[in-house]
Amino acid sequence: MRLTLHGGFGEKGRTSLAVERDGYRLLFDAGVKTSARGRADYVPALTSATLAATSAIVITHAHEDHAGALGWCLAHGFAGTIHVTDETRRDLAHGVEGYADPADAARIACARFASLPARGRVRLGPFTIETGRSGHIVGGVWCSIDDDATRFVYCGDVVPASPVFVMDPLPACDTLAIDASYGDDDIAPAARADAIRAWVRAQAGGSILPTPLLGRSLELLAVLDAPVALAPGMRAALATQLAERDWIAPGIAARLAHRLDAAIDWTDAHALPAAPLLCHDGMGMTGPSRTWLESARAKGWPVLLTGHVPEGSLADDLLAAHGATWIRLPTHPTLTENQTLVARSGARRVLGHSCDAATLARLGNHLPALATTVATGDTVLLP
């Protein structure tokens, strides 16, 4: 088995890697690097010839850093089948909208899709693919790839202990690619949730909380204990996620549905509601949050950022100018969670995606099996 790292290794964004054996090539994820728009490294490091030689693509979930370049792949040579869960296929437009050329985005609607199970097995070429729910988003899965000689597990984005989404246990494997987004950050999720609630309570006149439309939006609804306001599009996205009960942690759906019913729909970008306003996307690069963050910058409204802040984004500008506060809500594994995943997997070799080289090096101080020097463009041979 041979792995080729096409994006997301030694860098944040454009996550993409290929698994190959006996001439059969399978690509996992095709994301964009939101901080690199207009540059060659905005999309995965894939040539047209490589894409044409790729038999199938598996998309683990519908966020832009894992799916935003799917239409670009279709425009540049890929003609195979795309394997996704039914929920991810439904939500792909959200992961592409605002991040892809409109013509590339339109190609997705005409592409050939195959349904990937949320929990199950499929045979693709020489590989048996096993999937499980990722705990990160409705429709999100991790993938185990077995060629009868070795087993490689690609986590995609996972959350081992989300209060909202379910993650299925990873199988034992020889090599594991972990979600290293947070590096050696080991602050407990409960502590971060407490800090977010305290910050929101202190903003009696209201505040703005940009968030991705899917995934973290529902996590924030669970964390906040005050009435919330919703920007256009947010209510429908939250309701759609809540309707997928197989992906939601037991016991929380009814509480979240009650909170959603009590939320205020807000459309007036010239006035701030006296409540935390959830608006997408989370970086101010597209969607309603761009309008709201521009108003916040002009009027000094309180802004709380709770996820990744790409360089050059409107959110990044606000943070640099002390016009926003950043408290990361854990929607990726903490250090302890990654240590536990690695130990339980029994993996002798570990790769880390979705973080820069310096963050990966710090994580390596705590994970001896982690390969800290591999990066996008490298090939890794598995025994």
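The values are calculated or read from the model by the stated rules, or taken from the named source; none is laboratory data. Small disclaimer: the values here were computed from a predicted structure and weren't measured. FYI the Cβ positions are ideal-geometry reconstructions off the backbone, even for glycines, and counts take in every protein chain you see.
Out of Arg121, Arg151, one residue alone is at pLDDT 95 or above and surrounded by fewer than 19 Cβ atoms within 10 Å (Cβ to Cβ). It is Arg121.
The set of residues in the range 316-357 being of a type in the set (A, V, I, L, M), over 18 Å from the mean Cα position of the chain (by Cα) and closer than 28 Å to Ser289 by Cβ consists of Leu318, Leu319, Ala320, Ala321, Ala324.
Total residues in the range 137-181 satisfying the condition of being more than 20 Å from the chain's Cα centre (by Cα), part of a loop (DSSP other than H, G, I, E, B) and of a type in the set (Val, Ile, Thr): the figure is 1.
Each residue in the range 112-157 was checked for being over 16 Å from Pro169 (Cα atoms), of a type in the set (Ser, Thr, Tyr) and touching a Leu at 6+ places or on another chain (Cβ under 7 Å), and 1 of them qualify.
Quick check, is Asp22 among the acidic types (Asp, Glu) and either under 21 Å from Leu382 (Cβ atoms) or out of contact with any Lys or Arg (no Cβ under 9 Å at 6 or more places or on another chain) (or both)? If you could, list the steps in order and put the result at the bottom.
Details: among the acidic types (Asp, Glu): yes; either under 21 Å from Leu382 (Cβ atoms) or out of contact with any Lys or Arg (no Cβ under 9 Å at 6 or more places or on another chain) (or both): yes.
Answer is yes for this residue.
Applying the selection to the range 320-337, what residues are under 23 Å from Pro276 (Cβ atoms), surrounded by fewer than 17 Cβ atoms within 10 Å (Cβ to Cβ) and out of contact with any helix residue (DSSP H, G or I) (no Cβ under 7 Å at 6 or more places or on another chain)? Ala320, Ala321, His322, listed by residue number. The requirement of being closer than 21 Å to Tyr182 by Cα and of a type in the set (Asp, Glu) is fulfilled somewhere in the range 338-357, by at least one residue.
Comparison of Leu351, Leu278, Leu329, Leu341 shows that the only residue that is part of a strand (DSSP E or B), within 18 Å of Asp157 (Cα to Cα) and among the aliphatic types (A, V, I, L, M) is Leu351.
Name every residue in the range 302-353 that is of a type in the set (A, V, I, L, M, F, W, C) and in contact with a Phe, Trp or Tyr (Cβ under 8 Å, 6 or more places away or on another chain), in order of residue number. Leu304, Leu305, Val309, Leu319, Ile327, Leu335, Leu351 - these are the residues of the range 302-353 that are of a type in the set (A, V, I, L, M, F, W, C) and in contact with a Phe, Trp or Tyr (Cβ under 8 Å, 6 or more places away or on another chain).
Part of a loop (DSSP other than H, G, I, E, B), of a type in the set (Asp, Glu), outside the structural domain of Val19 (by TED's automatic domain parsing) and surrounded by 15 or more Cβ atoms within 10 Å (Cβ to Cβ): is that true of Asp317 in this structure? It is false that Asp317 is part of a loop (DSSP other than H, G, I, E, B), of a type in the set (Asp, Glu), outside the structural domain of Val19 (by TED's automatic domain parsing) and surrounded by 15 or more Cβ atoms within 10 Å (Cβ to Cβ).
Is it the case that some residue within the range 94-101 is surrounded by 18 or more Cβ atoms within 10 Å (Cβ to Cβ), at pLDDT 95 or above, assigned by TED's automatic domain parsing to the domain that holds Phe28 and on the phi < 0 side of the Ramachandran plot? Checking the range 94-101: not a single residue is surrounded by 18 or more Cβ atoms within 10 Å (Cβ to Cβ), at pLDDT 95 or above, assigned by TED's automatic domain parsing to the domain that holds Phe28 and on the phi < 0 side of the Ramachandran plot.
Taking the range 15-25 as the range and being touching a residue at least 60 places away in the same chain (Cβ under 8 Å) and either in contact with a His (Cβ under 9 Å, 6 or more places away or on another chain) or not assigned by TED's automatic domain parsing to the domain that holds Gly377 (or both) as the test, the residues that pass are Thr15, Leu17. The helices (runs of 4 or more DSSP H) located wholly in the range 51-127 that include 1 or more residues which are over 21 Å from the mean Cα position of the chain (by Cα), among the charged types (D, E, K, R) and over 12 Å from Gly139 (Cβ atoms) occupy 102-109. Out of curiosity, is Ala190 farther than 13 Å from Leu256 by Cβ, free of Cβ contacts under 8 Å to residues at least 40 places away in the same chain and not β-branched (Val, Ile, Thr)? Criteria met by Ala190.
Each row is one residue, and each column tells you yes or no for (1) of a type outside the set (Val, Ile, Thr); (2) more than 30 Å from Ala358 (Cβ to Cβ); (3) in the same structural domain as Gly346 (by TED's automatic domain parsing); (4) within 22 Å of the chain's Cα centre (by Cα).
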residue: Thr211; (1), (2), (3), (4): no, no, no, yes
residue: Arg216; (1), (2), (3), (4): yes, no, no, yes
residue: Arg235; (1), (2), (3), (4): yes, yes, no, yes
residue: Trp247; (1), (2), (3), (4): yes, yes, no, yes
residue: Arg255; (1), (2), (3), (4): yes, yes, no, no
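In the range 214-227, of all residues being assigned to a loop (DSSP other than H, G, I, E, B) and more than 16 Å from Asp157 (Cα to Cα), the one that is modelled with the highest pLDDT corresponds to Leu224.
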